[in-house]
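Remarks on the structure that follows.
The values are calculated or read from the model by the stated rules, or taken from the named source; none is laboratory data. What you see is a predicted model, and the numbers here were worked out from it, not measured in a lab. Neighbour counts are summed over all protein chains in view; Cβ atoms, including those assigned to glycine, are modelled from backbone coordinates with ideal geometry.
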Amino acid sequence: MFEVVRAYIAEAKSFQPSSKEELEQFRLRFISKKGLLGDLFSKLKDVAAEERKEFGLLVNELKQAAEGKILEFKDAFETESSIDFKGQDLTLPGEPLNTGSFHPLTLVRKEIISIFSRIGFNVSDGPEIEDDWHNFSALNFPPEHPARDMQDTFFIDLTPDQTIYNGSLALRTHTSSIQVRVMDKQKPPIRTICPGRVYRNEAISARAHCFFHQVEGFYIDEKVSFADLKQTLLYFAQEMFNADTKIRLRPSYFPFTEPSAEMDISCQICKGSGCNVCKYSGWVEILGCGMIDPAVLENGKIDPSTYSGFAFGMGIERIAMMKYAVNDLRIFSDNDVRFLRNFKGVL
Ligand code: DAH
């Protein structure tokens, strides 16, 4: 009897499972309810009294040896894959893992917001279907003013019972329409940018589209000057492109700013030496800007004798074309994944 238990102990101690199944067999044989240990413990009462202690110690030794093995190998087979690799060629290339990516216009919009938020600008919004007041009249385009011809507008037909200022609704032609909406709600200091989609009734080509995206920006406070505008735009250009980027301001005309200007940046493609993107001038126009016309401030119920402000408006596509060296605007709305999957940036 003792010899049998000693043999079991030796067996348990030398046990080396090579699989989960073997370990389970071992557990069933020794530890389970109907296993050897239970059997031996139940035999304890049949052992002669003077030998019982020694027998008990032996069975306990067996119990510890068996339980020790189970503990030792409990986790050993957990990581073993349940996949059967037999017959499979593990040297074959794997399936590519397709992950989503941001649209390049989203990346540029987020970057513009991030750049301006670092100097205290917040983000404002306005409707894409806009009334005449906010898109034109409040911005100093009087009815029949020839400047309205600058915008080829998608007008929306109104039913006779609809009464809108000046009788018209349109898809906004620029995000400048948000200016007076913000002025209606906030008083200076105002520092905000307004990203959004705009619509123009234009034939689609490599350089023009019937819808595109803009970011309007403006700052109104006491004593805001053209120097503030210039420095803000220089900061923006150098953050958006690179620290060597130069800007130049050319006099221009917009009804809602006085004086007005257009801003060029040194061409990012040829670094100013001349190429077909900048038409060999070394400069590319990226935005319109100026000092907010006092009449526009008045339309926003802000007193122009106390406050002044600057404004600017830029096309997101135009910036993205420069940044990613793209020469056809249409590619941004084609939704061709072969183009889109090149933009992995996360912000
Ligand atoms: N709204 C103008 C456009 O769509 C862009 C613009 C020019 C915005 C001058 C401005 C500005 O705020 O001051 O062409």
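Scanning segment 1-39 for residues that are surrounded by fewer than 14 Cβ atoms within 10 Å (Cβ to Cβ) and not in a helix (DSSP H, G or I) gives MET1, GLN16, SER18, SER19, SER32, LYS33, LYS34.
Starting from residues that are aromatic (Phe, Trp, Tyr) and out of contact with any Cys (no Cβ under 9 Å at 6 or more places or on another chain), keep the ones in segment 202-251 and report whichever is farthest from MET291 (Cα to Cα). Before the answer, list the steps.
Step one: filter segment 202-251 for residues aromatic (Phe, Trp, Tyr), giving 211-212, 218-219, 226, 235-236, 241.
The next check asks that each one be out of contact with any Cys (no Cβ under 9 Å at 6 or more places or on another chain); those that pass are 211-212, 219, 226, 235-236, 241.
Working: PHE211: 27, PHE212: 25, TYR219: 10, PHE226: 7, TYR235: 18, PHE236: 17, PHE241: 25 Å.
This residue is PHE211.
One residue stands out in segment 19-54 among those that are modelled with pLDDT under 90 and in contact with a Phe, Trp or Tyr (Cβ under 7 Å, 6 or more places away or on another chain): the one that is nearest to GLU78 (Cα to Cα), namely LYS20. Of the listed requirements (1) in contact (Cβ under 8 Å) with a residue 12 or more places away in the chain; (2) touching a strand residue (DSSP E or B) at 6+ places or on another chain (Cβ under 7 Å); (3) farther than 22 Å from SER177 by Cβ, CYS278 misses just one: (1).
In this structure, is CYS289 away from the ligand (no atom under 16 Å from the Cβ) and of a type outside the set (A, V, I, L, M)?
Numbers: away from the ligand (no atom under 16 Å from the Cβ): no; of a type outside the set (A, V, I, L, M): yes.
No: the conditions fail for CYS289.
Restricted to segment 98-217, the set of strands (runs of 3 or more DSSP E) holding at least 3 residues that are over 21 Å from ILE302 (Cβ atoms), within 14 Å of the ligand (Cβ to nearest atom) and in the same structural domain as ASN299 (by TED's automatic domain parsing) comprises 190-199.
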